[in-house]
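Notes for the one structure printed next.
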Amino acid sequence: MASIQQSGNQSRGQWSGRMGFILAAAGSAIGLGNIWRFPYSVAEGGGGLFVLIYLFFVLAIGLPVLLAELSLGRESRRNPVGAFKALIPGKMWPYVGGLGVLTGAGILAFYSVIAGWTLGYLGKAVSGTLVQAQDGETSGEIFNSFVADPFWPILLSGLFLLLTLFVVRGGVSKGIERATTLLMPALFVLLIAMAIRAVSLQGGMDGLIYLFTPDWSKLSLNVVMGALGQALFSLSLGMGAMITYGSYVSKRENLWKSGIFIATADTGIALLAGLIIFPTLFFANADPLAGPGLVFVVLPTIFNQMPLGTVFAGAFFSLLAIAALTSTVSLLEVVVAYFVDEKGWKRNQAAVAVSGFCFFLAVPSALAFGAAPAFSGGEGSILPFNLDFLTLNNNIWGNYSLSIGAFLICIGVAWVWGVPRFLAALEDGGDRTFPMPGREVTGFLVKIVCPLAVLIVLIFIVVTGQYF
Ligand code: PFF
């Protein structure tokens with residue numbers, strides 16, 4: 001990834017090899033979305049029902065949009081704005097890329113807060129505080145006292161943005177690429193070990209039933225919207241992250257295989273997280289509706305039940321922080337690539353300015369929990385209504401903006417650029433074809449199913465006014 005420091009078209013860098021791209025793209029996809037956002041969205045969406053709709057969206061929308069974004073990026077070799085300018089005629093299209101750039105900053109501004117929490121929990125894990133949590137109540141207290149004072153959450157989100165900045169500036173990106181080669185598989189193995197322990201806990205089976213049995217009575221527009229947003233968020237789609245990463249991929253790469261691998265790995269890790277959180281939740285008697293705090297409340301109790309719990313907890317939160325870092329890097333990269341390519345800024349300048357700006361935006365989200373009483377609309381509040389910036393940002397940027405972005409990307413790719421050109425770009429560079437039905441189905445999904453499905457959900461939401 002070091003070579004992506006160059007800008008401009010001819011000198012544009014490429015990944016250091018096949019593994020470089022796959023790992024970076026999988027690293028972008030796999031992150032807090034899988035381990036933090038997926039479980040609490042499942043809990044809010046009624047368990048198995050959410051999982052079912054989510055899986056459907058991953059297959060019907062996520063994978064096709066992923067292939068579309070990667071093709072757009074590789075063919076244009078540009079950032080999202082430049083990609084639209086280069087390939088899709090029409091004055092309005094670069095704005096779709098612009099929406100993606102804005103969304104990247106919007107997501108980074110709350111994502112870094114949660115990433116900061118993982119650093120805080122890493123500290124707690126190493127100091128042995130976490131393994132002391134025997135049930136949901138004690139671990140809930142640990143969490144509440146952590147976020148009650150916003151000092152650490154704010155400081156740690158700043159620290160996380162600083163780490164992201166260092167990587168994007170190019171300093172240690174080679175190291176990150178190399179480190180990911182080892183750390184992603186390590187995260188996977190660790191999650192499997194934790195899942196085995198979780199399922200065998202008392203009450204573990206109830207967790208599994210909850211995770212995999214759809215309760216149709218919970219079906220609502222919000223659940224459908226949440227699952228759609230989650231499928232896009234988890235795969236880093238709808239804002240051009242995969243256009244940007246695709247722009248550094250060589251023609252030798254088989255994008256079909258890459259796309260399928262990324263989607264499978266990402267979904268597998270989310271399901272594994274579910275296999276850990278829900279059995280443990282039932283065991284610890286924790287509150288499933290703890291929202292963004294869910295994972296942080298539930299997880300400590302499993303470490304308490306594991307031999308070498310402190311070691312497991314430390315390893316888990318280190319790996320989670322690294323998984324989050326490879327995602328924040330891709331978020332920042334989208335915004336930086338835009339300023340470098342389109343505005344002629346220096347990479348260093350752009351990275352500093354954007355991450356500084358995102359820190360500024362992150363503060364209200366970090367306060368959302370700690371200073372909740374001040375914004376809660378309740379007693380002692382300075383506002384007459386509840387203003388939870390974290391949830392608000394998560395919804396606006398992480399669900400709506402990504403969905404609108406994915407819709408517009410599909411229209412641009414399939415209707416303006418055209419399915420034949422899209423498939424040709426996808427398979428550019430030699431013998432890269434996919435069996436016939438796969439190509440036809442993908443073209444149909446990108447042209448008809450994805451835009452229509454997203455549009456229907458959005459229209460229903462506007463008509464019924466059930467925004468959140
Ligand atoms: N996919 C990341 C995750 O699941 O944690 C989050 C993300 C990264 C979303 C990059 C969007 C994006 F462009």
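The values are calculated or read from the model by the stated rules, or taken from the named source; none is laboratory data. Everything numeric here is computed off the predicted structure, so don't read it as measured data. As a convention, Cβ positions derive from the backbone with ideal geometry for all residues, glycine included, and neighbour counts pool all protein chains shown. Protein only, heavy atoms only, side chains kept; ligands, DNA and RNA dropped before computing areas. Shrake-Rupley method; radii C 1.70, N 1.55, O 1.52, S 1.80 Å.
See the values below:
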{"quantity": "Gap separating the Cα centres of the stretch 314-354 and the stretch 210-269, nearest whole Å", "calculated": "20 Å"}
{"quantity": "Full-stretch length increase - Ile196, Phe212 - with 0.36 nm per residue and alpha-carbon distance subtracted", "calculated": "4.1 nm"}
{"quantity": "Cα-centre dipole for the chain with unit charges at Cβ (Lys and Arg positive, Asp and Glu negative), debye to 20", "calculated": "1680 debye"}
{"quantity": "Residues Lys91 and Arg439, FRET efficiency given R0 of 30 Å [Cβ-Cβ distance, rounded to 0.05]", "calculated": "0.45"}
{"quantity": "For q = 0.14, 0.16, 0.21, 0.22 Å⁻¹, Debye-computed log10 I/I(0) when each Cα of the stretch 40-162 counts as one equal scatterer", "calculated": "-0.91, -1.00, -1.13, -1.16"}
{"quantity": "Dipole axis of the chain (+1 Lys, Arg; -1 Asp, Glu on Cβ), positive-most option in Leu271, Phe434, Phe316", "calculated": "Phe434"}
{"quantity": "Summed side-chain charge close to Val223 - residues other than Val223 whose Cβ falls under 12 Å, Lys, Arg +1, Asp, Glu -1", "calculated": "-1"}
{"quantity": "Surrounding net charge for Pro94, when Lys and Arg each add one and Asp and Glu each subtract one, Cβ distance under 10 Å", "calculated": "+1"}
{"quantity": "Contact order relative to length of the chain, as percent, for alpha carbon pairs under 8 angstrom and 6 or more apart", "calculated": "33 percent"}
{"quantity": "For the stretch 80-137, the spread of Cα positions along each principal axis, largest first, Å", "calculated": "60, 21, 15"}
{"quantity": "Proximal charge balance of Val297 [Cβ under 10 Å; K/R count +1, D/E count -1]", "calculated": "-3"}
{"quantity": "Listed peptides 59-69, 114-124 by packing density, highest first (mean Cβ within 10 Å)", "calculated": "59-69, 114-124"}
{"quantity": "Inter-label distance, nm, simple model (7 Å from Cα along the C-beta direction), Ala148/Val311", "calculated": "3.4 nm"}
{"quantity": "Among 204-215, 76-87, the order from most to least packed when residues are scored by Cβ within 10 Å on average", "calculated": "76-87, 204-215"}
{"quantity": "Accessible area in square angstrom per residue, the chain, 1.4 angstrom probe", "calculated": "38 Å²"}
{"quantity": "Ranked packing of 448-456, 103-111, most packed first, by mean Cβ within 10 Å", "calculated": "103-111, 448-456"}
{"quantity": "Carbon + sulfur, % of accessible area of the chain - ligands and nucleic acids excluded, 1.4 Å", "calculated": "68 percent"}
{"quantity": "Approximate spin-label separation Leu221-Ala424, in nm, with each point projected 7 Å along Cα-to-Cβ", "calculated": "4.2 nm"}
{"quantity": "Stretch gain in nm, segment Asn285-Phe261, where the contour uses 0.36 nm per residue and the Cα spacing is subtracted", "calculated": "5.1 nm"}
{"quantity": "Convex hull of Cα atoms in the chain, direction-averaged projection (nm²)", "calculated": "21.0 nm²"}
